[in-house]
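Remarks on the structure that follows.
Laboratory data are not the source of any read-out in this text; all were calculated from the coordinates shown. Note that the structure is predicted; figures quoted are calculated from it, not measured. For neighbour counting, all protein chains shown are included, and Cβ atoms are generated from backbone atoms with ideal geometry for every residue, glycine included.
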Amino acid sequence: MSGKGFELYIHIPFCVRKCLYCDFLSFPADDAVKEKYVEALCEEILCAGEERHGASLSSVFIGGGTPSILPGKAIRRIMECVKEAFDVEEDAEITIECNPGTVCEENLRIYAECGINRISLGLQSADDIELKRLGRIHTFDDFVKSYEMAVSAGISNINVDLMSDIPGQTLSSWENTLRKVCSLEPAPAHISAYSLIVEEGTPFWDMQEEGKLDIPEEDTDREMYHMTSRILSEYGYARYEISNYAQPGYECRHNVGYWTGIPYYGAGLDAASYYDHARYVNTDDMDSYLRDPAACHFLTERLCTDDLMSEFMILGLRMTKGVSFAEFQSRFGISLKEKYGHQAEGFIKDGLLEEKGDFLRLTDRGLDLANVVMRSFI
Ligand code: SF4
């Protein structure tokens, strides 16, 4: 592994309570468990730094769960360990995920002091009834207060997470959410807009099975998707990935790293890693993790060249600029056309892919059928 361009993800699995659609590894916990977890996390990060020879980090992402549920001093301690274990590049993007209702001025001040320069705020909807249906713990006003506090603390690089296909949501309520968020002062640098996916094992799944979940029809879902890109572009956002939009220069470096194959280490419960052409996953058992965090990191898969080429295509095509022919050639020593020309030509004929300079990318129609295109590169 080269020392350059390595990413670190840190998982904080705690939440105030579970949202009704959530299948992430997250749960409420008492202060004692949180404290022990932070200590275990620090041990794992220090150990990972030793194994990765203090690799140079281009981004750090503290995600969850709800990282902002931890006391500010816990985040400070985690960041101190990160800096001790790794060489954090001077201009590294350092993000923390926060949920409205768990954000305070004191913690934001600490985040800024320890180098956190980006906040990702989980809003989902500007409609309080929709928020309630999702089981969120906050209102739109709570979000606005958190947003303003973050800006006052000097962290103005803010992402807002939004969700379409919420039960009972209409085209006009989705438009209202988009416009309210874009009209914040200052406007968010980045917006992620995902559709709700009803996952097995969640209360929403059970409600759907019982026919009690009123989610928008597929046609409405598609209209919402197109509306998102249209409205966000009115406010100066460009779509750079299927579900991600940014003001110029504010694309999320951490996620772009995932989509372009930058290696990363995931610390914490159930966190995934990818480096040296292999995938790893940490245990999802809290007791084991607290007992010996450094022994809870397991190899799950070694990737052969064919796997790496397939991943290059599938992840790279998520981005609107697409995949670079030159980059493919330089990474794999074979031309993209030689390897995937047959599939690519078929999709170009069908109007789902197009060549633009050195890039092969999805067309607008291809973005709608991205799954079909990507499946063919597996
Ligand atoms: S805040 Fe996020 S991680 Fe926590 S329960 Fe809700 S959706 Fe899941």
- Directionally averaged shadow of segment 305-378, computed from the convex hull of its alpha-carbon atoms, nm²: 4.2
- Note on the structure: Taking 0.36 nm per residue of separation between residue 325 and residue 291 and subtracting their Cα-Cα distance, the length gained on full extension comes to 7.5 nm
- Message: Springs between alpha-carbon pairs under 10 angstrom, Gaussian network model over the chain: which of 271, 295, 112 fluctuates most?
- Response: 295
- Item | Label point distance in nm, residue 299-residue 208, each placed 7 Å from Cα along Cα→Cβ | 3.7
- Would you please give the residues with an amide H less than 5 Å from that of residue 88, counting only those at least 5 places away or on a separate chain, with H modeled from the backbone geometry? 57
- Message: Taking only the Cα atoms of the chain, how large is their convex hull per residue, in Å³?
- Response: 142
- Give the peptides 273-285, 32-44 in descending order of average Cβ contacts within 10 Å, highest first. 32-44, 273-285
- Query: Under a GNM of the chain (C-alpha, springs under 10 Å), which listed residue has the highest mean-square fluctuation: 178, 299, 317?
  - Reply: 299
- What does the charge dipole of segment 6-259 about its Cα centre add up to, to the nearest 20 debye, if the Cβ of each Lys and Arg holds +1 and the Cβ of each Asp and Glu holds -1? 520
- Task: Can you tell me the FRET efficiency between residue 112 and residue 349 if r is taken as the Cβ-Cβ distance and R0 is 51 Å, rounded to the nearest 0.05?
- Result: 0.45
- Item | Filtered trypsin sites (Lys or Arg not before Pro), segment 169-241: DSSP coil and at most 14 other beta carbons within 10 Å | 212
- Task: Run through the DSSP bridge list for segment 6-259 and note the antiparallel percent, rounded to the nearest 5.
- Result: 15
- Task: Just list whichever of 212/321; 18/180; 34/83 have alpha carbons separated by over 29 Å in the model shown.
- Result: 212/321
